[in-house]
Amino acid sequence: MNCSLLEKQFIKFIIYFSNMGISIDVLLRQVRNLFDLEVLIMKRYINYSIIYTVLAMIGGVFYREFTKMNDYTAWTTLSVVHTHYFILGMMFFLILGLVSMNVNLKINRAVMFYNVGLNLTAIMLVVRGIVQVLDLNVVSAVISGIAGIGHIILGVSLILILLDIKKACIK
């Protein structure tokens, strides 16, 4: 029998773990999970959720410290960056990760646009907030236009993702 090097290494791997008392069924299930597309997609969504959690915390700390440093007490859009990232980022991708475990989703392009829309919206919230706190004379229409584009991308991609979930549930 002519085995490749990879096959020999895999056989040694199985023998090693079976000698440790680990069931071959458990071992094969773990190996299968490493290459299971649904598990990889779910892990990607959970990773997005973790990233957006960190961004939400950074946004909240920046809002608190930047307004305190500038003695600003009025309302500013910096105060909603934290909640946008927590709800539209962390919570959305946690839910999407849970849904992807039960439904075979094929929504990579829509998720990419969702990320672009969410981050463009959040960046413009930060820009508008900095302009408000520092009381800068900046053309507000430009900020509103770019933020509007971010909201449109976010809304359209959200609808596409929901339609893809519906289509996957019907199948």
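Worth pointing out:
- Within segment 131-157, residues that are of a type in the set (Ser, Thr, Tyr) have Cβ atoms under 6 Å from residues that are assigned to a helix (DSSP H, G or I) and surrounded by 11 or more Cβ atoms within 10 Å (Cβ to Cβ) in these pairs: Ser157/Ala110; Ser157/Phe113; Ser157/Tyr114; Ser157/Gly117, counting only partners at least 6 apart in sequence or on another chain.
- Any hit, segment 101-112, residues being farther than 19 Å from Tyr48 by Cα, over 17 Å from the mean Cα position of the chain (by Cα) and part of a helix (DSSP H, G or I): no
- Looking across segment 78-129, the residues that are of a type in the set (Ser, Thr, Tyr) and surrounded by fewer than 21 Cβ atoms within 10 Å (Cβ to Cβ) come down to Ser79, Thr83.
- Pairing each residue of segment 54-78 that is under 15 Å from Val131 (Cα atoms) with any residue that is part of a helix (DSSP H, G or I) and of a type in the set (S, T, N, Q), provided the two are 6+ apart or on different chains, yields C-beta distances under 7 Å for Tyr63/Ser79; Thr76/Thr67; Thr76/Gln132; Thr77/Gln132; Leu78/Thr67.
- Residue in segment 35-50 that is over 25 Å from Asn108 (Cα atoms) and either out of contact with any Phe, Trp or Tyr (no Cβ under 8 Å at 6 or more places or on another chain) or modelled with pLDDT under 70 (or both) present: no
- Some residue of segment 131-138 being closer than 18 Å to His84 by Cα and in contact with a helix residue (DSSP H, G or I) (Cβ under 9 Å, 6 or more places away or on another chain): no
- Among the residues listed as Gly59, Gly129, Gly148, Gly89, the single one being touching a Ser or Thr at 6+ places or on another chain (Cβ under 6 Å), in a helix (DSSP H, G or I) and not hydrophobic (A, V, I, L, M, F, W, C): Gly129
The values are calculated or read from the model by the stated rules, or taken from the named source; none is laboratory data. Keep in mind the model is a prediction, meaning the values are calculated, not measured. Cβ: placed from backbone, ideal geometry, glycine included. Neighbour counts: every protein chain shown.
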